[in-house]
1. How much accessible area per residue does region 1-153 have, in Å², with a 1.4 Å probe?
2. Which entries of Lys103/Lys185; Lys8/Lys103; Lys8/Lys37; Lys23/Lys210 have Cα-Cα distances beyond 24 Å here?
3. Find the eigenvalues of the gyration tensor of the Cα atoms of region 35-89, then list the square roots of 5 times those eigenvalues as equivalent ellipsoid semi-axes, largest first, in whole angstrom.
4. Given the DSSP H assignment, sum -39500 (n - 2.57) over each helix run of at least 4 residues in the chain and divide by its residue total; what's the result at 222 nm in deg cm²/dmol, nearest 500?
5. Dipole of the chain (Lys/Arg Cβ +1, Asp/Glu Cβ -1, origin at the Cα centre): which of Asn65, Gly126, Val144 lies farthest to the positive side?
6. With just the Cα atoms defining each centre, how far is region 99-120 from region 1-69? Give it in Å.
7. Please get the size of the charge dipole for the chain, origin at its Cα centre, with Cβ charges of +1 on Lys and Arg and -1 on Asp and Glu, quoted in debye to the nearest 20.
8. Can you give the angle from 0 to 90° between the axis of helix 57-75 and the longest principal axis of the chain, with both taken from C-alpha atoms, to the nearest 10?
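The values are calculated or read from the model by the stated rules, or taken from the named source; none is laboratory data. All figures in this text were calculated on a predicted structure; none of them were measured in a lab. Every residue, glycine among them, receives a Cβ derived from its backbone with ideal geometry; neighbour counts consider all protein chains shown. For the accessible areas, the whole protein counts, side chains as well, though only heavy atoms, and no ligand, DNA or RNA atoms are used. Shrake-Rupley method; radii C 1.70, N 1.55, O 1.52, S 1.80 Å.
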Amino acid sequence: MPISRTPKIAPFPVWAVHEENPKVERYAALPKPEWLKQTVLFGIPLTSQLTQQTLGDPAIQYYINEAISEIEHILDLYITPVEFHEKHDYDRHGFTWNYNYLKLNHTNILHVKALELTFSNTNQPGFVQFPLENVHVMPQEGVVQLVPAFGTSLSGFLLSAFSGTQFHALRAIGMTNFPGGVRVKYICGFEEHKVPALLVDLIATIAGMKI
């Protein structure tokens, strides 16, 4: 039965599958207002001397969201999972000799949902939809490639993976490239409660500074 997405890969530590005990607490949940008041805001009065208003949890949550947004914009590193749909140019040489080496626009990839070929500028499903068993993901580099699955010879892989009337028609007329011919759907980010502790601390520090 075909898989609906590539296996989930731990973005940090990349490729890790198991932690031995005793282990370091590498992960933390995203900060909440009450937690922020007990840590980076501890001992800081949150009441205005001028108006006597107290800074409430909704306002603190606003600054936490601002901190997350700032980190994502500056580092292009997404904290919670985000799905991306990208177009990349089809290159015949790359498909034939480089296993369709694609450098995606974002890193810390959790998994890939689709890799397709289409030779039109529409949003219709691709003419050739590659089995996700053939998609090799390098999450930290933001790279995907097409490689043979278990039990498939390289020649058999090329024959099966590159099947499709539109694709063979393109090869027959000698076309070597096509703008936006390769479509990739993938998800980046960290799982819930699996955000690296360093990033959580950075979010809390920036939010505290803004407050």
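1. Numbers: 9680 Å² over 153 residues.
On a per-residue basis, region 1-153 sits at 63 Å².
2. Numbers: Lys103/Lys185 13 Å; Lys8/Lys103 18 Å; Lys8/Lys37 34 Å; Lys23/Lys210 33 Å.
Among Lys103/Lys185; Lys8/Lys103; Lys8/Lys37; Lys23/Lys210, the Cα-Cα distance tops 24 Å for Lys8/Lys37; Lys23/Lys210.
3. After scaling each eigenvalue by five and taking roots: 35, 12, 9 Å.
4. Details: 6 runs with 61 residues, N = 211.
The per-residue figure over the chain is -8500 deg cm²/dmol.
5. The Cα lying farthest towards the positive end belongs to Gly126.
6. The distance from the Cα centre of region 99-120 to that of region 1-69 comes to 29 Å.
7. On the way: 15 positive and 19 negative charges, 99 e Å.
It works out to roughly 480 debye.
8. 40
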